[in-house]
Amino acid sequence: MVDIRSDIHLINKMVIRYQGLQNYEPILREMQCFTKQRSPDTPDEIWVVEHRPVYTLGLSGKREHILNSTDIPIVNSDRGGQVTYHGPGQLVIYTLLDIKRLQINIRQLVTILEQAMISVLAQYGIMAVSRADAPGVYVQGKKIGSIGLRIKNNSCYHGLSLNNAMDLRPFTHINPCGYSDLEVTQLANLGVIVNMPELTISVVNAITTALHA
């Protein structure tokens, strides 16, 4: 089991866990276990992680969207959505929230996560937008931030990923999020060099502030 007890902080009564570079599957199991065992009094948590290279298939994911065989593992996930790629240099934030207690619905949460990324990107001079037909955040038509969530027992898990400074080549072996013509980008490609701790703090603060506004 992955140790999720290190580097813990508290922001707006939410537990923030900084977990570093991790394999995907142990984190997935921990999220499932946490959500299954939580009670109405369990504090909400945000987990910050980078993943070792992995393709993940959401509940509606189709193998046909994986175009080429590689040595990157493919993992079936219980989040919403199609196929995506995670790797070092990509900020991943998992939101383990009691949405009933927060009095928000899934659409509102998606908007909160999208706006958190959009507002942070704006701080670096990057104009990003969301799309009504495809959750996530886009810059000049290219996807820079993704969202995938799972709701169970009035609670959610999974969250967002934001491309910072990573190897984007693995995205060329898939149809990202199931779209054959979708290109991806990242802060580094847009001329913005920011270290992961700084980017993390900005996005986490934006999320927690919006959730407790």
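Nothing in this text is a laboratory measurement; each read-out follows from the coordinates by a stated rule. None of these values were measured; they are calculated from a predicted model. When we count neighbours, we look across all protein chains shown, and the Cβ atoms used for this are built from the backbone with ideal geometry, even at glycine.
Taking amide H as placed 1.01 Å from N in the peptide plane, Leu57 has its amide H under 5 Å from the amide H of Val75, Asn76, Ser77, each at least 5 places away in sequence or on another chain. What are the ³J(HN,Hα) values, in whole Hz, obtained from phi via the Karplus relation 6.51 cos²θ - 1.76 cosθ + 1.60 with θ = phi - 60°, for each residue of segment 139-153 in sequence order, with x given for Gly and Pro? Coupling constants for segment 139-153: 10, 6, x, 9, 7, 10, x, 10, 9, x, 9, 9, 10, 8, 6 Hz.
Remark: segment 177-188, residue by residue, has Karplus-estimated 3J(HN,Hα) of 6, x, 9, 5, 9, 8, 9, 10, 9, 7, 4, 4 Hz, where x stands for each Gly or Pro and the curve is 6.51 cos²θ - 1.76 cosθ + 1.60 at θ = phi - 60°. Amide H contacts under 5 Å for Arg52: Gln22, Asn23, Tyr24, restricted to partners 5 or more places along the chain or on a different chain, H placed in the peptide plane at 1.01 Å from N. By the helix-only formula, in which each DSSP H run with n ≥ 4 contributes -39500 (n - 2.57) and the sum is divided by residues, the chain has a 222 nm mean residue ellipticity of -7500 deg cm²/dmol. Residues considered: Ala116, Ala165, Ala134. Largest GNM mean-square fluctuation over the chain, using C-alpha springs under 10 Å, is found at Ala134.
Note on segment 1-70 and segment 82-120: Cα centroid distance 12 Å, given to the nearest whole angstrom. What does the convex hull of the alpha-carbon atoms of the chain project to on average, in nm²? For the chain, averaging the hull's shadow over all directions gives 11.0 nm².
Dipole magnitude of the chain about its Cα centre, charges +1 at Lys/Arg Cβ and -1 at Asp/Glu Cβ only, in debye to the nearest 20?
Working: 19 positive and 18 negative charges, 98 e Å.
Here the chain has a charge dipole of around 460 debye.
Annotation: amide H-H contacts under 5 Å for Thr185 (H modelled 1.01 Å from N, sequence separation of 5 or more, or interchain): Lys143, Ile144. Its Kirkwood hydrodynamic radius, worked out from the mean inverse distance over all distinct Cα pairs, puts segment 166-213 at 13.2 Å. For segment 86-101, the Karplus equation 6.51 cos²θ - 1.76 cosθ + 1.60, evaluated at θ = phi - 60°, returns couplings of 10, x, x, x, 10, 7, 10, 10, 9, 10, 9, 10, 8, 6, 5, 5 Hz by residue, with Gly and Pro reported as x.
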